[in-house]
1. Which of the residues spanning segment 58-74 are closer than 25 Å to R23 by Cβ and either touching a residue at least 12 places away in the same chain (Cβ under 8 Å) or surrounded by 12 or more Cβ atoms within 10 Å (Cβ to Cβ) (or both)?
2. Go through segment 1-57 and report how many residues are modelled with pLDDT under 90, loosely packed, with under 10 Cβ neighbours inside 10 Å and of a type in the set (D, E, K, R).
3. How many residues does segment 58-101 contain that are at pLDDT 85 or above, more than 15 Å from D33 (Cα to Cα) and of a type in the set (K, R)?
4. Enumerate the pairs (first residue in segment 13-30 and closer than 14 Å to R72 by Cβ; second residue anywhere and among the aromatic types (F, W, Y)) with beta-carbon separation below 6 Å, excluding pairs fewer than 6 apart on the same chain, so at least 6 apart or on different chains.
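The values are calculated or read from the model by the stated rules, or taken from the named source; none is laboratory data. Here the structure is a predicted model, which is why all the values come from computation and not from measurement. Note that each Cβ is placed from the backbone with ideal geometry, even for glycine, and that neighbours are counted across all protein chains shown.
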Amino acid sequence: MNENETNRTGASWDALLKQHRIRGIVESGDGYDVESTSESTYHVHSETRIERGTGSIYFTWHCNCPARKRCRHIDAVVQMRWAEAAADEGYDGMDIMEREV
């Protein structure tokens, strides 16, 4: 368990869980495991992409849940990462997150 995981408590954390209807988010080796209130666990991860022609780098999120589009599991992970980067004054991380789609 890393430092951020031990700090995932309190009213704002509980509100995030309730908002996205999840029970918890745990970092795994290549992303995050998100436990839904339905008791299913889904894996969320990011992939780095390079746009042909311009060479621009961006990141895409993926989840193995049955949703066809961006899902609440991805939204919860992104919201959590943003809040943790802001709390740690991780402005470089926030800059990277702005390139995520």
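1. W61, H62, C63, N64, C65, A67, R70, C71, R72, H73, I74 - these are the residues of segment 58-74 that are closer than 25 Å to R23 by Cβ and either touching a residue at least 12 places away in the same chain (Cβ under 8 Å) or surrounded by 12 or more Cβ atoms within 10 Å (Cβ to Cβ) (or both).
2. Here the count works out to 3.
3. Looking only at that region, the number is 3.
4. Final answer for the pair search is I25/Y32.
To keep it simple, each residue is scored yes or no on (1) within 15 Å of the chain's Cα centre (by Cα); (2) of a type in the set (F, W, Y).
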| residue | (1), (2) |
| --- | --- |
| V26 | yes, no |
| Y32 | yes, yes |
| S38 | no, no |
| H45 | yes, no |
| I50 | no, no |
| G55 | no, no |
| F59 | yes, yes |
